[in-house]
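K.L.:
One structure coming up, written as C-alpha cells, with questions to follow.
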C-alpha cells in the first residue's frame, strides 16, 4: 500500500509540473517551441577555417538535444541565438625553471546575443570564454581539433545554461 501511495504521489507531482510549462531533466524550463540558431561569424584575429562550423554545431546540438525546440531559419521564432567568435589565441601558460615553456593554452571567446521573444528580460548579450592547456612539446596543429571540441562543448554548456537554466 505504501508503494502505491508513493507512486501516486510521484505521478501527481509529474502531472503538476507538466501543467506549469515544459521542463526537462536538465533543469531547463522551455516555454517556446522554435529557435533560430545562426552560424557564428568568425571575427577572431587568428582564423581557423573549421572553427565557426564546429562551435555552431556544438551549440546547436546541445540546445536541440536538451530542449525539444524545433530549429527554423526565420525571424519568426520564439528564440534567436547569434554571435561572433571574438578570440582564438594560443599563449604560454606554464614555464619550466629554464625559462622554457612547459604548457601552452588555447583560449576561445564567443560573444552571444540571445533573444527570448516570449520574455524580453530573459534575453542577453554576453561573452563566453573557455580555455584548454596542452604540453608545449606538442604543436597546436596536432591537438587543435581535440581542444576545439573540448572547449566547444564547455562553451555550448555555458550558453545553454545561461539561456535556459538561468545559471
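K.L.:
Which one is surrounded by the most Cβ atoms within 10 Å (Cβ to Cβ), of the residues in segment 40-53 that are outside any loop (DSSP other than H, G, I, E, B) and either in contact with a strand residue (DSSP E or B) (Cβ under 8 Å, 6 or more places away or on another chain) or in contact (Cβ under 8 Å) with a residue 60 or more places away in the chain (or both)?
P.N.:
51
K.L.:
Right, residue 127: surrounded by fewer than 19 Cβ atoms within 10 Å (Cβ to Cβ), touching a strand residue (DSSP E or B) at 6+ places or on another chain (Cβ under 8 Å), farther than 15 Å from residue 37 by Cα and free of Cβ contacts under 8 Å to residues at least 24 places away in the same chain or not?
P.N.:
Numbers: surrounded by fewer than 19 Cβ atoms within 10 Å (Cβ to Cβ): yes; touching a strand residue (DSSP E or B) at 6+ places or on another chain (Cβ under 8 Å): yes; farther than 15 Å from residue 37 by Cα: yes; free of Cβ contacts under 8 Å to residues at least 24 places away in the same chain: no.
Considered against the rule, which asks whether it is surrounded by fewer than 19 Cβ atoms within 10 Å (Cβ to Cβ), touching a strand residue (DSSP E or B) at 6+ places or on another chain (Cβ under 8 Å), farther than 15 Å from residue 37 by Cα and free of Cβ contacts under 8 Å to residues at least 24 places away in the same chain, residue 127 comes out as no.
To keep it simple, each residue is scored yes or no on (1) crowded, with 16+ Cβ neighbours inside 10 Å; (2) assigned to a strand (DSSP E or B).
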| residue | (1), (2) |
| --- | --- |
| 55 | yes, no |
| 58 | yes, no |
| 64 | no, no |
| 84 | yes, yes |
| 91 | no, yes |
| 104 | yes, yes |
| 111 | yes, yes |
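K.L.:
Any residue in segment 83-106 that's closer than 11 Å to residue 136 by Cα: show its pairings with residues that are assigned to a loop (DSSP other than H, G, I, E, B) and at pLDDT below 80 at Cβ separation under 9 Å, as long as the two are six or more apart or on different chains.
P.N.:
That search, which allows pairs on different chains as well, returns 102/96.
K.L.:
Filtering segment 138-149 down to residues that are out of contact with any helix residue (DSSP H, G or I) (no Cβ under 9 Å at 6 or more places or on another chain) and loosely packed, with under 14 Cβ neighbours inside 10 Å, which residue is nearest to residue 109 (Cα to Cα)?
P.N.:
Among residues in segment 138-149 that are out of contact with any helix residue (DSSP H, G or I) (no Cβ under 9 Å at 6 or more places or on another chain) and loosely packed, with under 14 Cβ neighbours inside 10 Å, the one nearest to residue 109 (Cα to Cα) is 146.
K.L.:
Here is a follow-up. If the requirement is being modelled with pLDDT under 95 and in contact with a helix residue (DSSP H, G or I) (Cβ under 9 Å, 6 or more places away or on another chain), which of these qualifies: 135, 71?
P.N.:
135
K.L.:
With respect to residue 93, determine if the residue is under 19 Å from residue 148 (Cβ atoms) and modelled with pLDDT of 95 or more.
P.N.:
Details: under 19 Å from residue 148 (Cβ atoms): yes; modelled with pLDDT of 95 or more: no.
Judged against the criteria, residue 93 is not a match.
The values are calculated or read from the model by the stated rules, or taken from the named source; none is laboratory data. Please read all numbers here as calculations on a predicted model, not as lab measurements. As a convention, Cβ positions derive from the backbone with ideal geometry for all residues, glycine included, and neighbour counts pool all protein chains shown.
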